[in-house]
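Structure first, commentary second.
Nothing in this text is a laboratory measurement; each read-out follows from the coordinates by a stated rule. Everything numeric in this text was worked out from a predicted model, so none of it was measured. FYI the Cβ positions are ideal-geometry reconstructions off the backbone, even for glycines, and counts take in every protein chain you see.
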């Protein structure tokens with residue numbers, strides 16, 4: 001069965017219950033820092049007699065994009081990639097501008113039949129952050145939503 005994956009970035013308006021993430025390593029480079037401090041994860045449920053089909057697992061995380069430079073930063077969420085392994089999300093949101101010396105907090109949502117809440121997600125922002133029309137190179141954001149229990 002082909003895995004369905006969805007990643008969505010939206011302005012922080014979504015309601016929900018967020019908790020600290022088990023582990024997170026920020027994405028950094030050239031005056032940009034992308035971090036995630038809290039989120040939620042729901043693993044997919046396997047089909048049973050009571051549940052007609054598989055659920056899709058979901059991860060929500062509050063992602064903060066900090067622009068520490070003196071020039072505006074553009075974020076295009078349609079170019080974000082998640083390796084878990086090699087999942088290729090897509091988005092339909094517009095681009096966002098992060099003004100100089102400011103930040104913007106967005107909600108990231110990932111959906112997949114393969115999702116495990118105790119497994120590390122590597123979120124690549126390569127080709128999604130631009131300053132003066134040039135891509136800004138940053139390391140991947142690494143997230144582990146929950147510790148293994």
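What the table shows:
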quantity: Computed label-point distance, nm, for sites residue 124 and residue 78 using a 7 Å Cα→Cβ extension; calculated: 1.9 nm
quantity: Distance between modelled label sites at residue 25 and residue 137, nm, 7 Å Cα→Cβ extension; calculated: 1.8 nm
quantity: Separation of the residue 70 and residue 105 label points, Cα + 7 Å toward Cβ, nm; calculated: 2.9 nm
